[in-house]
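Some notes on the structure that comes next.
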Amino acid sequence: MRTSPRPRVFGRLALTGLSALLLAAAAVAVGPAAVSEAATPTDDACEVSAAEVSWGFKESFRSYISGTIAGGTWEVTGGAGYQTPNFTWTGGTGWYDPDTQTGSVAFPGGIRFTGHGGLLDTTFRDPTLEFTGPGAARVHLDVSGVSMEEALAGGTAADSVSQVPFIDVDLTTATIDASRDGVTIAAAAAPTAITPEGFAAFANYEAGSAFDPITITVTAVCASAQTQTPSPGPPTAPVDAAPAADSRPADASPGWISWAVAAFVAAGAAVGGVLLARRRGTGRNARTGSGGAA
Ligand code: HEM
């Protein structure tokens, strides 16, 4: 991976002036615990401009749902898509810091699995892809539904948890292409496994069980020509441009009048000096008698 020092836009633009004050006020109001590490952009973060994720969730679960046992189906909601065998999310927003290889990209949309005549009704929604450092990421999900244990016991109480770190993603074979202006991350069929937190939220697969591989593309903008501070160049000659019509006070004199007055005063001073010198010369001659008859 190539990383070179470069100006970044997201952190500086997003956390300047009033917004920084408002964020500081909000942090005081809600306390630091309300903002997770993953959601806090670093100072040098780049702004995500495009992001897509393609993931089949778990092939055996899809087979179970669509097969004769569960006799169910699934639907995508809120902007997610499905094209066999993968669910897709697009339009991710967030940040990425190529120096630390950390970041957070949130996607809208979810999957609702149903089966067993409605007893099974589980939704996984709004994934957040968290880059946790070199070669590693996680996908956080909102998870809600009735557990199999509850359903088999005849209950209908649903559990609902927000942004559970659901799967770990192995990004050791991902490509990270960082240039002066931006960064692109591409991971094709990266291996995934359910986390202990994921198992707690969806208690059907032991922690560490393999889930479907995930394909990720993230593009982030780190700087643009418009936002860079121009380096000081050689001094340039003043441009002989006409001033704007309203750029001069109404009672101000045009520049050429000042020059004419100055030239007139200088010429007058020169003439006066010559005359004075000649007068002094004449007086001196009179006092010494020079120039006259003896
Ligand atoms: C009364 C309702 C239910 C019955 C009778 C039932 C029955 C079963 C059976 C027989 C299997 C084994 C399938 C196999 O090995 O091929 C299974 C697997 C499974 N069930 Fe259920 N189930 C019920 C409700 C639920 C609910 C509410 C959930 C919650 C999401 C659930 C999640 C699962 C999962 C994740 C598997 C493993 C699928 C896989 O092979 O990957 N079940 N269920």
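The values are calculated or read from the model by the stated rules, or taken from the named source; none is laboratory data. Keep in mind the model is a prediction, meaning the values are calculated, not measured. Ideal geometry is used to build each Cβ from the backbone, glycine not excepted, and the neighbour counts take in all protein chains shown.
Name the one entry in G78, G56, G109, G92 that is within 16 Å of the ligand (Cβ to nearest atom) and farther than 19 Å from A151 by Cβ.
Just a single option satisfies the conditions, and that option is G56.
When you look at T128, is it over 22 Å from T215 (Cβ atoms), touching a residue at least 40 places away in the same chain (Cβ under 8 Å) and buried (at least 20 other Cβ atoms within 10 Å of the Cβ), yes or no?
It is false that T128 is over 22 Å from T215 (Cβ atoms), touching a residue at least 40 places away in the same chain (Cβ under 8 Å) and buried (at least 20 other Cβ atoms within 10 Å of the Cβ).
Go through segment 140-191 and report how many residues are away from the ligand (no atom under 16 Å from the Cβ) and among the β-branched types (V, I, T).
The total comes to 8.
Considering only residues that are out of contact with any helix residue (DSSP H, G or I) (no Cβ under 9 Å at 6 or more places or on another chain) and within 16 Å of the ligand (Cβ to nearest atom), look in segment 112-139 and name the one that is nearest to A70 (Cα to Cα).
G117
Applying the selection to segment 80-103, what residues are buried (at least 21 other Cβ atoms within 10 Å of the Cβ), small (G, A, S) and not in a strand (DSSP E or B)?
Result: A80, G92.
May I ask you to say which residue of D126, D121, D168 is out of contact with any Ser or Thr (no Cβ under 8 Å at 6 or more places or on another chain) and at pLDDT 95 or above?
After applying the criteria, what remains is D126.
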